[in-house]
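**Q** Can you read through this structure? Questions will come right after.
The values are calculated or read from the model by the stated rules, or taken from the named source; none is laboratory data. None of these values were measured; they are calculated from a predicted model. Using ideal geometry, Cβ is built from the backbone for each residue, glycine included, and neighbour counts are taken over all protein chains shown.
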Amino acid sequence: MADVNNLEAVQENKEKSFDIKDFLINNMVTILFMILCIAGVYFSKLPMFFIVNEIMTRLTRNSFLVLALIIPVLAGMGLNFSITIGAMAAQISIIAVTHWQVQGIWGFLLCAVLTVPIAMLFGNLVGRLLNKTKGQEMIASMIAGFFANGLYQFLFLFLVGKIIPVNNPVLILDNGVGVRNTVDLSRNNGIKYVLDNIWKVPIFHFVIFTGLLIIAYGLYRMYRESKSKATKVSKAKYIIISIVGLVILAFGIVVNSSNELSQTLKMISNLKLSAGTGLVVLALCLFNVLIVKTKLGQDFRTVGQSKHIASVSGINVNKVRVIAITISTVLAGLGQLIFLQNIGTLNTYGSHVQIATFAIAAILVGGASVSKATIGQALLGVLLFHTLFIVSPKAAKELFGDAQIGEFFRSFLAYGVIGVSLGLHAWKKTLKAMRK
Amino acid sequence: MLQKYALEMKNIDKEYFGNKVLKGVDLKVKPGEIHALLGENGAGKSTLMNILFGMPVIHSTGGFSGEVSMDGKKIEIKSPDEAMEKGIGMVHQEFMLVPGFTIAENIKLNREVLKYNPISNAFKKDSLRFLDYKKMNKDARKALDTLGIDIDEWVKVAGLPVGYMQFVEIAREIDKSNVKVLVFDEPTAVLTESEAKTLIKAMKKLAQSGIAILFITHRLDEVMDAADNITILRDGELVATRKKEETNVLEIAELMVGRKVEVTNKAKKEEQESQETIISIKNLNVDMPGEEVKGINLDIKKGEILGIGGLAGQGKIGIANGLMGLYKTTGDIEFKGEKLKLNDTRSVLNKGLAFVSEDRKGVGLLLDSSIQQNIVITAMQIKESFLKKYGIFSQLDKKGIVNHAVSMIKKLDIRCTGPLQATRRLSGGNQQKVCIARALTLEPEVLLVSEPTRGIDIGAKKLVLDLLVQLNDELGMTVVITSSELAELRSISDRIAIIAEGKVEGILKPDASDADFGLMMAGEYNKLRGKEAI
Amino acid sequence: MTESIKTITKKVGLPRLIISSFFVFLIIASIGLGLPLDRTLTNIIRRFGMFGVLVLAMVPAIQCGIGPNFALPLGIICGILGEIISIEFGFVGFTAFIVAILISIPFATIIGVGYGNLLNKIKGSEMLVAAYAALSVVYFMCIMWVTLPFKHPQMIWPIGKGLRVTIALEAFFGYVLNDFADFSIAGVHIPTGLLMFFLLCCFVVWLYTRSKTGMAMKAAGDNPKFALASGINVDRSRIIGTTLSTILGAVGIIVYHQSYGYIQLYDAPQYMGFATVAAVLIGGATARKAKISHVLLGVLLFQGLLAVALPVANEVVKGSNLAEVLRMVIQNGIILYALTQVVGGE
């Protein structure tokens, strides 16, 4: 065949294309944040014990929300700024359940059961809206979030008490109209910590477990790759993954069994991880992996790559997009439940406002883009973004004598990361269009 | 012998808004036959195919009359899905491939092989079933083997050479288990010569397996190489059906073009052979997507009407767009002996060239602005006319604009409610006149007009063409008209350059023979006549 | 009958019809609730003049093709810089106002040109990137407000670091426009200077759109391909439009602050872009088309509505910020509506 040589050249090119410079440029944001985090941790002079504890809490608390972003990206709808609306669904259920005084884990489960249909309805509506604003999904979903926030406030400031009679002095403002600014979830056996407290595991047990998991994954992939005609690069990648797992495992075992630890490590080893929540997050990761392998997932991918080709080959593009947003909204709702059961107080008019910004900033920091997002990027992003969140006020206080600067700085970074990532993506798109 | 036809279309009629585009067309294809379908742009090939595939555009415009049958049985096809079910497949000219997917995934696009899992069983939802990659790969392999293509099915499509993408498209059609009729729509247009050869080999192999193949192309040598039978359409009518053995390239070319319009306006100035050259184009390359120009040499004489013709996609549209600097251009262009600055629209307009674009609504007009604004804006920007100057500040000269617009409306007979009407509300012909009026406002020496009659009705067509002749006669303006309609070029031009594959295939007088025009448009002229000349 | 209703709806646009009826309804409600009409009207007129120039900044942005300028906070920050530098130099009264504008214009020009260049690289995604670029710059400036070495005792915190969150303008240039040649009819206060200034700005922009560069800019925004074929430099036109919008944003915020009586620093500018975008859309503009009449009508409807809604809502539910809720719903609802009218890029 005339062009077989040509093809081989193409494949060869792909193998060679791994070089350091490209790697650095493509992961610029992530690397920058790593440096910032390390510097922040160093300058903040916060005790390691505190930082690790905070990171652990925030990882379990926020990961679910960030993971909810992945499916719309897959379906080519960009980053779903309207996860705020899913969070509103969760807060509506929480307020209802608090009013009914269903307690403990049952209260939490009832919240979940209520959240799902409400979020499905909201997601469906948002999906339809986004089908009318193709090409501008992200700004539309962002504005939709603001718009819904108005309606949400109307519901809880005015309708509750005025139209919907609720007689509950704990929830309702003194004049009988509107829900209070904060709803305490720890009182009366509320849902605070119910999920977190189901199963607590000492942190280094968790480290050992993670090590084992990573090794298992690496070996499994190596086994798979050895069966197909894999490239050297990917083999090396899985070998490295397995070795990393081994190191983690060894570290965990050493710390766990040794008695002669440094003071810091000893304190850290007393920390306990909320394994219940962790498992739920893990289940969502698994869900994200599995859904890609289904027919629905394939439809997401097809629509994501080209709406035109998808519709020509008979896929109902609009329906697939609505499903993607609906799933994302439902997941966001559940994510907000997990978030709030850990926080312990519902800020009726504020808890949901920033979650889209922070979740999206986090996933972008992890290296995701408008058109590609993976579970690994989501988790890494949460880790980096929240590390910076923890240390920046203290670091700024130490450096500039003003904690405020740190707070401004992290807001600046959150918005800046989103702006820069979206801008870069748009720029690449125009470059591509120009080359055509 | 009573052989059933795999596909038979009988006496097909189709109207678009009172405009007959197909008149009693017949088409018969036997199983295992490669049948070529030929015709100029607008001859009705794509409408016929749209009918075959039950495209919505047919049904939303009142359907068609006539009969379609497969294997002797009459059928009705109401949607592309139904066409697929009945075993009619199409290999698209533009690839319907998802670059990020593997070849196997592309072949199985939206026809993925699925397997059950507990959750999909619980919900009874097929969409939750897992993909069976192993089986998909196996099926894909089989289809690729049928074509004789040695390429791994798990390779991603992105980065494949174009020729392979074409094969993936074909493999997808073969993989649809029941395919009986396969349409190839200009499949070789994007291929290199060797790739095209491989493709034709594969087509023959497919035909041997009993599939009927409909081959739409304009490359006559490929037709002679591959086809068993040939059907030629012209202006929506069936001109001829020939067996390959009984015809030759020359006859086909002649049949395709035909004589439709008598040469009308051109009784003039036969003797002006040795005019001076106003624009000399050397080695022009224009990077216009879909209409690439690949090294054109052409001299435009002062005071002539030069027609530029050729089939769609061959590059004729690119020439004027390149001259005007609207797409990336390289080469040497001299205007009145001076070098013309390339890729600089402003300086070209300044020199005295004006352009009426083929894309009237996209490039030619500000649809929501008034007629007067459309007419004056280019002159205002280029020549600073219709402006009142106050130091560095300027204000538009309302009176001057209205006066000029009104006089243009009168002169070109633009039917409108007044100079303030938005151009969106005008008919196609009147919109075209506004575009011409804007070009004339620049008082150009050379007027470039692309597809001036596209999408406007017959009466308006004649008016526009007459206007061009009048400008040429009265003002001595050099006119370069690019058009897909050969007949209209032949009716007003002094000379006609035919473009094929991005190059000038040849320059003809309007009264040259149909066969010559046909051969040139197919890009066969030099191959054939060239040999004779030697 | 129904036909004529339909044509009216089509001509005026459904959103405008709903909003203006609601506006009228609220005015009637306010009278019904016994709220003094003269004060309501005074408020409406004051807010009309106060927000006008900010909304006017949308016109060149939309006309040049970058769409509604969600990055208006960039201009606003330039305006604030002009204000505080003017105060720092010790100017007071009308001079301070003029100096503030004069100082802010070069800032706004530099920022506008830079930002316009940026937007030319990301055609098609301007709105989203603009929104986030503006937000991050707002927070970057928050750091600056803390660290920049301003010394004027009435601007900085007496204890601690940096500029105050709000700076009272009473002693500097507060109300200089509002009180210029002002008068009252039947209890309604007419801030003549403010209105004149706004209309003057409108007039200047109107003159500009009728100049050669203005015409080129409009053509570039309306149909870039057409503009290209007419020898117009589309990218340059977009930069000019963006710069003009930024400058108007800077001037607009100075007018706003003098009328409000305070400079608001830190995160105050962050959502101002959205409100101004909503106003021009309510006036009848789309993401691709805007005229000065849209500005006038839009500011009147949107700000007027809010001016009336505030006391009415307070009357209905005491102490709630129902008016704020109303603002959110209307503001974002109209932007969403406008987005659905943009033909999706497939």
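**Q** Looking at segment C:228-276 only, could you name the residues that are small (Gly, Ala, Ser) and within 14 Å of chain B (Cβ to nearest Cβ)?
**A** C:Ala229, C:Ser230, C:Gly231, C:Ser237
**Q** Which of the residues spanning segment B:189-213 are under 27 Å from B:Gly54 (Cβ atoms), among the β-branched types (Val, Ile, Thr) and within 14 Å of chain A (Cβ to nearest Cβ)?
**A** Matches in segment B:189-213: B:Val190 only.
**Q** Take the residues in segment B:200-220 that are part of a helix (DSSP H, G or I) and in contact (Cβ under 8 Å) with a residue 60 or more places away in the chain; name whichever of them is surrounded by the fewest Cβ atoms within 10 Å (Cβ to Cβ).
**A** Of everything passing the filter in segment B:200-220, B:Gln208 is surrounded by the fewest Cβ atoms within 10 Å (Cβ to Cβ).
Matching residues to (1) assigned to a loop (DSSP other than H, G, I, E, B); (2) more than 11 Å from chain C (Cβ to nearest Cβ); (3) among the polar types (S, T, N, Q):
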| site | (1), (2), (3) |
| --- | --- |
| B:Phe355 | no, no, no |
| B:Gly362 | no, no, no |
| B:Leu367 | yes, no, no |
| B:Asn374 | no, no, yes |
| B:Ala379 | no, no, no |
| B:Ser385 | yes, no, yes |
| B:Lys388 | no, no, no |
| B:Gln395 | no, no, yes |
| B:Cys416 | yes, yes, no |
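**Q** Okay, next question. Output the residues belonging to segment A:130-141 that are at the interface with chain C (Cβ under 7 Å from one of its Cβ atoms) and part of a helix (DSSP H, G or I).
**A** Passing the criteria: A:Lys132, A:Met138, A:Ile139, A:Ala140.
**Q** Looking for whichever is charged (D, E, K, R) and within 27 Å of B:Met521 (Cα to Cα) here; the options are B:Asp344, B:Asp332. Which one fits?
**A** Exactly one of B:Asp344, B:Asp332 is charged (D, E, K, R) and within 27 Å of B:Met521 (Cα to Cα), namely B:Asp332.
**Q** Quick check on my filter: what residues within segment C:318-337 are modelled with pLDDT under 85 and either more than 9 Å from chain A (Cβ to nearest Cβ) or surrounded by 18 or more Cβ atoms within 10 Å (Cβ to Cβ) (or both)?
**A** Answer for segment C:318-337, where residues must be modelled with pLDDT under 85 and either more than 9 Å from chain A (Cβ to nearest Cβ) or surrounded by 18 or more Cβ atoms within 10 Å (Cβ to Cβ) (or both): C:Ser320, C:Leu322, C:Ala323.
Rundown of residues vs (1) more than 25 Å from B:Pro80 (Cβ to Cβ); (2) over 17 Å from the mean Cα position of the chain (by Cα), yes/no style:
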| residue | (1), (2) |
| --- | --- |
| A:Ala275 | yes, yes |
| A:Gly278 | yes, no |
| A:Leu284 | yes, no |
| A:Val292 | yes, yes |
| A:Asp299 | no, yes |
| A:Thr302 | no, yes |
| A:Gln305 | no, yes |
| A:Ile309 | no, yes |
| A:Asn316 | no, yes |
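**Q** For C:Ala220, indicate whether it is among the aliphatic types (A, V, I, L, M) and closer than 30 Å to C:Val12 by Cβ.
**A** Yes: the conditions hold for C:Ala220.
**Q** Identify, by number, the condition in (1) at pLDDT below 85; (2) in a helix (DSSP H, G or I); (3) under 25 Å from B:Ala312 (Cβ atoms) that B:Glu169 doesn't meet.
**A** Here B:Glu169 meets the rest and fails (1).
**Q** In this structure, does B:Met49 turn out to be within 11 Å of chain A (Cβ to nearest Cβ) and either in a loop (DSSP other than H, G, I, E, B) or surrounded by 15 or more Cβ atoms within 10 Å (Cβ to Cβ) (or both)?
**A** So B:Met49 does not fit the description; no.
**Q** Here is a follow-up. Tell me which of these C:Tyr256 doesn't satisfy, since it passes every other one: (1) under 14 Å from the mean Cα position of the chain (by Cα); (2) under 19 Å from C:Ala71 (Cβ atoms); (3) at pLDDT 90 or above; (4) buried (at least 24 other Cβ atoms within 10 Å of the Cβ).
**A** In the conditions (1) under 14 Å from the mean Cα position of the chain (by Cα); (2) under 19 Å from C:Ala71 (Cβ atoms); (3) at pLDDT 90 or above; (4) buried (at least 24 other Cβ atoms within 10 Å of the Cβ), C:Tyr256 misses (4) alone.
**Q** So which residues in segment B:69-95 are among the β-branched types (Val, Ile, Thr), away from chain A (no Cβ under 14 Å) and within 19 Å of B:Ile216 (Cβ to Cβ), if there are any at all?
**A** Correct list: B:Ile77, B:Ile88.
**Q** Test B:Ile458 against the stated conditions and say whether it is without any contact (Cβ under 8 Å) to a residue 12 or more places away in the chain, among the β-branched types (Val, Ile, Thr) and surrounded by fewer than 21 Cβ atoms within 10 Å (Cβ to Cβ).
**A** Yes: the conditions hold for B:Ile458.
**Q** Does segment C:211-227 hold any residues that are facing another protein chain (nearest Cβ under 7 Å) and either closer than 13 Å to B:Glu384 by Cα or among the β-branched types (Val, Ile, Thr) (or both), and which are they?
**A** C:Ser211, C:Lys212, C:Met215, C:Ala216
**Q** Filtering segment A:142-155 down to residues that are more than 8 Å from chain C (Cβ to nearest Cβ) and crowded, with 21+ Cβ neighbours inside 10 Å, which residue is farthest from A:Gly423 (Cα to Cα)?
**A** By that ranking, first place goes to A:Tyr152.
**Q** Test each condition in (1) hydrophobic (A, V, I, L, M, F, W, C); (2) more than 9 Å from chain C (Cβ to nearest Cβ); (3) closer than 21 Å to C:Ala71 by Cβ for A:Phe412 and report the one that comes out false.
**A** Unmet for A:Phe412, out of (1) hydrophobic (A, V, I, L, M, F, W, C); (2) more than 9 Å from chain C (Cβ to nearest Cβ); (3) closer than 21 Å to C:Ala71 by Cβ: (2).
**Q** When the residues of segment C:158-172 are narrowed to those that are closer than 20 Å to A:Ile405 by Cβ and in a loop (DSSP other than H, G, I, E, B), which ends up farthest from the other protein chains (Cβ to nearest Cβ)?
**A** The extreme case among them is C:Pro158.
**Q** Output yes when any residue across segment C:285-295 is out of contact with any Asp or Glu (no Cβ under 8 Å at 6 or more places or on another chain), over 19 Å from C:Ile66 (Cβ atoms) and either among the hydrophobic types (A, V, I, L, M, F, W, C) or buried (at least 20 other Cβ atoms within 10 Å of the Cβ) (or both), and no when none is.
**A** No, because not a single residue in segment C:285-295 is out of contact with any Asp or Glu (no Cβ under 8 Å at 6 or more places or on another chain), over 19 Å from C:Ile66 (Cβ atoms) and either among the hydrophobic types (A, V, I, L, M, F, W, C) or buried (at least 20 other Cβ atoms within 10 Å of the Cβ) (or both).
Residues checked against (1) in a helix (DSSP H, G or I); (2) touching a strand residue (DSSP E or B) at 6+ places or on another chain (Cβ under 8 Å); (3) β-branched (Val, Ile, Thr):
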{"residue": "C:Ile31", "(1), (2), (3)": "yes, no, yes"}
{"residue": "C:Asp38", "(1), (2), (3)": "yes, yes, no"}
{"residue": "C:Leu41", "(1), (2), (3)": "yes, yes, no"}
{"residue": "C:Arg46", "(1), (2), (3)": "yes, yes, no"}
{"residue": "C:Asn69", "(1), (2), (3)": "no, no, no"}
{"residue": "C:Pro73", "(1), (2), (3)": "yes, no, no"}
{"residue": "C:Cys78", "(1), (2), (3)": "yes, no, no"}
{"residue": "C:Gly82", "(1), (2), (3)": "yes, no, no"}
{"residue": "C:Ile85", "(1), (2), (3)": "yes, no, yes"}
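**Q** Moving on to the next point. Quick test of your reading of the structure: C:Val277 fulfils all but one of (1) over 20 Å from C:Val129 (Cα atoms); (2) modelled with pLDDT of 90 or more. Name the failing condition by number.
**A** Every listed condition holds for C:Val277 apart from (1).
**Q** For segment A:224-341, please list each of the helices (runs of 4 or more DSSP H) lying entirely inside it that holds at least 1 residues being in contact (Cβ under 8 Å) with a residue 40 or more places away in the chain and touching a strand residue (DSSP E or B) at 6+ places or on another chain (Cβ under 9 Å).
**A** Helices (runs of 4 or more DSSP H) meeting the threshold: A:232-257, A:263-269, A:275-292, A:295-305.
**Q** So which of B:Gly530, B:Gly523 is at pLDDT below 85 and either in a loop (DSSP other than H, G, I, E, B) or on the phi > 0 side of the Ramachandran plot (or both)?
**A** Going through B:Gly530, B:Gly523 in turn, just one is at pLDDT below 85 and either in a loop (DSSP other than H, G, I, E, B) or on the phi > 0 side of the Ramachandran plot (or both): B:Gly523.
**Q** Report yes if some residue within segment C:293-307 is facing chain A (nearest Cβ under 8 Å) and among the β-branched types (Val, Ile, Thr); otherwise report no.
**A** No, there is no match, as no residue in segment C:293-307 is facing chain A (nearest Cβ under 8 Å) and among the β-branched types (Val, Ile, Thr).
**Q** Give the residues of segment C:76-129 that are closer than 23 Å to C:Ala268 by Cα, of a type in the set (D, E, K, R) and buried (at least 18 other Cβ atoms within 10 Å of the Cβ), sorted by residue number.
**A** Once the filter is applied, which keeps residues that are closer than 23 Å to C:Ala268 by Cα, of a type in the set (D, E, K, R) and buried (at least 18 other Cβ atoms within 10 Å of the Cβ), segment C:76-129 yields C:Glu83, C:Glu126.
**Q** Can we say B:Asp81 is touching a Gly at 6+ places or on another chain (Cβ under 7 Å) and at negative phi?
**A** yes
**Q** So, of the residues in segment B:133-150 that are over 17 Å from B:Glu173 (Cα atoms) and at the interface with another protein chain (Cβ under 10 Å from one of its Cβ atoms), which turns out to be surrounded by the most Cβ atoms within 10 Å (Cβ to Cβ)?
**A** Per the criteria, the residue is B:Tyr133.
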